[in-house]
Each structure stands twice: as C-alpha cells, then as structure tokens.
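Note sheet for the following structure.
The values are calculated or read from the model by the stated rules, or taken from the named source; none is laboratory data. Computed from a predicted model, the values in this text were never measured in an experiment. Please note: Cβ atoms are built from the backbone with ideal geometry, for glycine as well, and neighbour counts cover all protein chains shown. Heads up: the accessible areas ignore ligands, DNA and RNA and are worked out on the full protein's heavy atoms, side chains in. Shrake-Rupley method; radii C 1.70, N 1.55, O 1.52, S 1.80 Å.
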Amino acid sequence: MKKTVLTFGLIGGAIMATMMFATMPFMDKIGFNKGEIIGYTTMIVAFMLVFFGIRSYRENVNGGHITFGRAFAVGILITLVACVCYVVAWEIIYFKFMPEFVDKYASYMVEKVKASGASQQVIDAKLQEMKNFRAMYNNPFINAAISFFEPFPIGFIVTLISAAILRKKTINATIDEGRPAELQVQ
C-alpha cells in the first residue's frame, strides 16, 4: 500500500504544486476570481489520481478485490500526501517569493465589499477581518493549516466517491449440493 500511496499522492501533489508555481507569478493578470477557478480545477484533476491509485491497489496488490474501508484508507492516504505537497509548495511560494500576496488579497476583498455597495461599517469590519487574517497568515503553522484545508475537502469527497465506485468484495456462498462458489458483488 505504501508504494501505491506515495506514487499516486506525490504525482497528485506535483500536479498541484506545478500549477501553483506556474500561475502564481501571473496572479495580477489572472485575477483572484479566475485564480480560484484555475486552482480548484487543478485540484480536481490532481485528485483524480485518488481514483486511479485505489484502482491500482485493488488490481495489482489486492487481487482485484477491495472493501470500501480499505479503498477509503488508500484514497485518504493519497489525499494526505498530495495535500502535504500542496502545503509545502505554498509555504515556499508565499514566504520566499510572494510575501505581499496577503496584502493584495486583502485589498481585493475590501474592494469587492466596496463594489457591492456595502455601508462604511461593513467595509470597516472587512478591513479589520483582513488585518486579523494578515497577522494569522504570517504565522507559518497557521498558514500551513489554512493551506492544508484548501484542497483536503475536495480530496475527501473524491476519496468517498472513488471508494464507493471501486469496492469489490468476495463472498463465499453455497450453491447446490453444498459446494462453495465465489460470487463477486459490486
């Protein structure tokens, strides 16, 4: 299981990290809205490797059979490895190359509130929220935790769906005259 988890998790993580390194320098041109779409689309593509990793484990290691529980375990471990790669890539980008990111993001969020026609009180509340966010985000541990939970829910959902689709159990049943036969249930 370890080889399957590391192989598919590292490939998924590499997809997310590569796309992040490729797009972040152009964030001013792409914009935060389109950046989110690109980022989450990349995450969905990367987490498709959870499906293929579970299938590979089922076919190559487990003889074509896997329970939902084992499939979920393989999938969630692949997800965890990919998420850790994502976090490492973001920490490098943020702290080494783009420390001004949170300031740009805060300005974007405040402008978004202003553009919606919100009252000055709401705008001031958003300014304070962004100030608090900036202070939190500059702590590497909090930054890592926030970054981890960006892709994790997507990986979790893909893991649940993949485990449900790919499960195959074997059940011993008795057919005429007491002879056992293998029945495959999907």
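Suppose every K and R has +1 on its Cβ and every D and E has -1 on its Cβ; what is the size of the dipole of segment 1-156 about the Cα centre, in Debye to the nearest 20?
Charge dipole, segment 1-156, about its Cα centre: 340 debye, nearest 20.
In percent, what relative contact order does the chain have, based on Cα pairs under 8 Å that are 6 or more apart in sequence?
Reported relative contact order: 30 percent.
Compute the signed sum of charges (Lys and Arg +1, Asp and Glu -1) over the other residues within less than 15 Å, Cβ to Cβ, of R55.
Charge balance in the 15 Å sphere: +4.
List, largest first, the extents of the alpha carbons of segment 18-96 along their principal axes, each in whole Å.
Computed over the Cα atoms, the extents are 50, 23, 17 Å.
Picking from M98, M24, M48, which is most flexible by a Gaussian network model of the chain using Cα springs under 10 Å?
M98
If one puts a single equal scatterer on every Cα of segment 55-108 and applies the Debye formula without solvent, what log₁₀ I(q)/I(0) results at q = 0.19 Å⁻¹?
So the normalised log intensities work out to -0.71.
At 24 angstrom or more along the helix axis (alpha-carbon based) and mean Kyte-Doolittle of 1.6 or higher, what helices does the chain contain? Whole DSSP H runs only.
Span-like helices in the chain: 68-92.
Binning at 10 angstrom from zero up to the longest distance, how are the C-alpha pair distances of the chain distributed in percent?
Distribution as computed: 9, 28, 25, 18, 11, 5, 3, 1, 0 percent.
Counting helices only, and only those DSSP H runs with n ≥ 4, report the 222 nm mean residue ellipticity of the chain as the sum of -39,500 (n - 2.57) divided by its residues, in deg cm²/dmol to the nearest 500.
-24000 deg cm²/dmol
Could you give the accessible area per residue of segment 1-116, probe 1.4 Å, as a whole number in Å²?
52
Heavy atoms only, probe 1.4 Å: what % of the accessible area of the chain goes to carbon and sulfur, would you let me know?
About 65 percent, which is the carbon plus sulfur part of the accessible surface.
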